[in-house]
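The values are calculated or read from the model by the stated rules, or taken from the named source; none is laboratory data. Quantities reported herein were computed from a predicted structural model and do not represent experimental measurements. Neighbour counts are summed over all protein chains in view; Cβ atoms, including those assigned to glycine, are modelled from backbone coordinates with ideal geometry. The area values use the complete protein model at the heavy-atom level, side chains included, leaving out ligands, DNA and RNA. Shrake-Rupley method; radii C 1.70, N 1.55, O 1.52, S 1.80 Å.
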2 protein chains.
Amino acid sequence: MTPGRGAGPHDLHADVAALGFLVGRWAGEGEGSYPTTAAFGYGEELTFSHIGKPYLAYAQRSWSLDDGRPLHAETGYWRCVGGERIELVVAHPNGLVEVSEGRLNGMAIELSSTHVARTTTAKEVTRLARDLRVDGDHLTYRVDMAVVGVELTQHLLARLQRVSATG
Amino acid sequence: MTPGRGAGPHDLHADVAALGFLVGRWAGEGEGSYPTTAAFGYGEELTFSHIGKPYLAYAQRSWSLDDGRPLHAETGYWRCVGGERIELVVAHPNGLVEVSEGRLNGMAIELSSTHVARTTTAKEVTRLARDLRVDGDHLTYRVDMAVVGVELTQHLLARLQRVSATG
């Protein structure tokens, strides 16, 4: 048997129905800044998809507005675990993994990392916080980051539009 | 500008060239077992892809051999960090994140987790070990897992074939 792919043949699992407003593909632009880095703009695509299981699959990729070269990427899963409790697990290609938890409030989600673990050679990120809001087909998010020697500070701010209703 | 996608327009980054033998899509079957679970068979697809950055993007999905329903999934990144040192970061939809490190020996990779972190509601996995070997277009892997109360024990064993040379 060949398995179903993507959202096509599957109903959204009841456990993750509260995050149904995220499902789709979103594209837009953001700005990055950090005390240790020159400010930069980026293009970005986020996808939230599902296969009928109690989570949303999540993938992010961003690129330079100058020449389209790939910048960051990240990939993981969003879970609803009762009431408005949300859990997020993410792998980052710079050698980080993130566990973040928080709450859903309408179509706004505020999460704080409970664990950031890293490979031997990874950048020393110690905390992350995410604030993501959807209003119709508009999504805005902010990511704050702490690294060794720099407390939690705004790092990313982006505005995206829904470009597809499926991931 | 629209960014390039997948391997198409990009050369494999020199830092990850030693893992070039993994790039592509692999499909096959495996068997799962664990002291706390009835043994089960599964169909599986692995993809290793790149966008010219110093890592391989990795995605796994498995399905029931009975009815094709989705079983596990995982997603993350493989990094080469000098000599034969390999780093792996993975997010699992059951609420786990994994950092594993180890060595490449020819086309065999042995990794042990250095960090397994989990959300509040996740299964209490404490350690993972992976052994992955490629011989031409054949890939075999074994995953050992420890959970609270069960030491590191064989959990998955699978044999796959390369079905595409790009991710």
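Roughly to the nearest percent, how much of the accessible area of the protein assembly as shown is carbon and sulfur, given a 1.4 Å probe?
49
Note on residue B:107: accessible area approximately 80 square angstrom, rounded to 10, probe 1.4 Å, nucleic acids and ligands left out. Reported to the nearest whole Å, the Cα centre-to-centre distance from segment B:107-167 to segment A:78-107 is 23.
For the protein assembly as shown, a simple Cβ point-charge model (Lys and Arg +1, Asp and Glu -1, everything else neutral) yields a dipole of about 120 debye relative to the Cα centre.
Given R₀ = 41 Å, what would the calculated FRET efficiency be for residue B:85 paired with residue B:65, taking r from the Cβ atoms and rounding to 0.05? FRET efficiency, residue B:85 to residue B:65: 0.70. Karplus-derived 3J(HN,Hα) values for segment A:91-107, using 6.51 cos²θ - 1.76 cosθ + 1.60 with θ = phi - 60°, are 10, 10, x, 7, x, 10, 10, 10, 10, 10, 9, x, 9, 9, 9, x, 10 Hz; glycine and proline are entered as x. Using heavy atoms of the protein chains and a probe of 1.4 Å, the accessible area assigned to residue A:121 is about 60 Å².
R0 = 22 Å: FRET efficiency of residue A:164 with residue A:17, Cβ-based, nearest 0.05?
The pair residue A:164/residue A:17 has a calculated efficiency of 0.65.
Only sites in a loop by DSSP and with at most 13 other Cβ atoms within 10 Å count here; which GluC sites (Glu not before Pro) in segment B:82-122 make the cut?
Working: sites: B:84, B:87, B:98, B:101, B:110; in loops: B:84.
In loop regions of segment B:82-122 (DSSP not H, G, I, E or B), the sparsely surrounded GluC sites (Glu not before Pro) are B:84.
Database remark: amide H of residue B:115 closer than 5 angstrom to the amide H of B:99 (H placed geometrically; neighbours at sequence offset of 5 or more, or on other chains; Pro and chain starts carry no H).
Accessible area per residue was computed with a 1.4 Å probe on protein heavy atoms; residue A:53 scores about 50 Å². Inter-copy label distances for residue B:148: 3.0 nm (label point placed 7 Å from Cα along Cα→Cβ; shortest first). Can you give the percent of C-alpha pairs in segment A:10-122 whose distance is more than 20 Å? Result for the distance tail: 49 percent.
Remark: segment B:52-92 projects, on average over all directions, an area of 3.9 nm² (convex hull of Cα atoms). Indicate the gyration tensor shape class of the protein assembly as shown (rounded, prolate or oblate), computed on the Cα atoms with a ≥ b ≥ c the square roots of the eigenvalues: a/c under 1.5 is rounded; otherwise a/b larger than b/c is prolate and the rest oblate. Because its axes are fairly even, with a/c under 1.5, the protein assembly as shown counts as rounded.
Shape summary of segment B:65-131, radius of gyration then Dmax from alpha carbon positions: 13.8, 44 Å. When you restrict to C-alpha pairs under 8 Å that are six or more residues apart and normalise by the size of chain B, the relative contact order lands at 21 percent. Interface size between chain B and chain A, please: total buried accessible area, 1.4 Å probe, rounded to the nearest 100 Å². It comes to approximately 3600 Å² buried between B and A.
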